[in-house]
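Single-structure report; data block below.
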Amino acid sequence: MALVQTEAIEVKRIKGKGRGVFARRLLRRGEVIERVPVLLLPIAEVRDPSSWKGLAGYCFYWGRDQLALALGYGSLYNHSYRPNARYDDVRGPIKVFTALRDIPPGEEITVNYNGEPEDGSPVGFAVIEDESRGR
């Protein structure tokens, strides 16, 4: 069963990955996919690495001392080293997800968790890439 928030995107389960965000219609390069508020949490609350298996596993770093839990579908986008979208942190605090290229209906929308689409730094888990996706 898919979760549908807008006519543009939905959340579906992916075997081996959990949940992911998918295009419901053609998303054009440069189009804002989603603009979401974030809840800020002190990073000190997540000292134990086992904590990253729960709520913190859905968080982004926000500066040196805080984590951000993105609302909307913001914390459900999966990581890719070949992302088709990016996120930017803006005042508010808000995250803005934008298409890097045209994304056809049915394609998973992914971002690079390192912040920059070309950043190949390790992310601390095994990355499952969709080999059928082109650039």
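Quick grid of which residues meet (1) at pLDDT 95 or above; (2) under 18 Å from A23 (Cβ atoms); (3) in a loop (DSSP other than H, G, I, E, B); (4) not small (G, A, S):
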residue: W52; (1), (2), (3), (4): no, no, no, yes
residue: R64; (1), (2), (3), (4): no, no, yes, yes
residue: G92; (1), (2), (3), (4): no, no, yes, no
residue: E116; (1), (2), (3), (4): no, no, yes, yes
residue: G124; (1), (2), (3), (4): no, no, yes, no
residue: S132; (1), (2), (3), (4): no, yes, yes, no
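Condition test on A56, is it aliphatic (A, V, I, L, M), at pLDDT below 90 and surrounded by 15 or more Cβ atoms within 10 Å (Cβ to Cβ)? Before the answer, list the steps.
Details: aliphatic (A, V, I, L, M): yes; at pLDDT below 90: yes; surrounded by 15 or more Cβ atoms within 10 Å (Cβ to Cβ): yes.
Judged against the criteria, A56 is a match.
Is it the case that A99 is crowded, with 16+ Cβ neighbours inside 10 Å and at pLDDT 80 or above?
On the way: crowded, with 16+ Cβ neighbours inside 10 Å: yes; at pLDDT 80 or above: yes.
Judged against the criteria, A99 is a match.
The residue pairs whose first member lies in region 35-48 and is farther than 13 Å from L69 by Cα, whose second member is at pLDDT 85 or above and surrounded by 14 or more Cβ atoms within 10 Å (Cβ to Cβ), and whose beta carbons are closer than 7 Å, counting only pairs six or more residues apart or on different chains, are R35/I94; R35/V96. Cβ-Cβ contacts under 8 Å between residues 6 or more apart (or on different chains), taken from a first residue in region 80-100 that is over 14 Å from W62 (Cβ atoms) and without any contact (Cβ under 8 Å) to a residue 40 or more places away in the chain to a second residue that is of a type in the set (K, R) and surrounded by fewer than 17 Cβ atoms within 10 Å (Cβ to Cβ), are absent. For R29, the conditions (1) at pLDDT 80 or above; (2) buried (at least 16 other Cβ atoms within 10 Å of the Cβ) all hold with the exception of (2). For L39, the conditions (1) modelled with pLDDT under 90; (2) in a loop (DSSP other than H, G, I, E, B) are fulfilled apart from (2).
Just the residues that are under 13 Å from the mean Cα position of the chain (by Cα) and farther than 17 Å from G20 by Cβ, please, taken from region 94-114. Steps first, answer last, please.
In the first step, residues of region 94-114 are kept if they are under 13 Å from the mean Cα position of the chain (by Cα); the result is 95-99, 108-114.
Once the filter is applied, which keeps residues that are under 13 Å from the mean Cα position of the chain (by Cα) and farther than 17 Å from G20 by Cβ, region 94-114 yields V96, T98, N114.
Scanning region 12-26 for residues that are in a strand (DSSP E or B), at pLDDT 95 or above and of a type in the set (A, V, I, L, M) yields V21, A23.
The values are calculated or read from the model by the stated rules, or taken from the named source; none is laboratory data. Note that the coordinates shown come from a computational prediction; the quantities given were computed from them, not determined experimentally. Here Cβ is always computed from backbone atoms with ideal geometry, including for glycine, and neighbour counts include all displayed protein chains.
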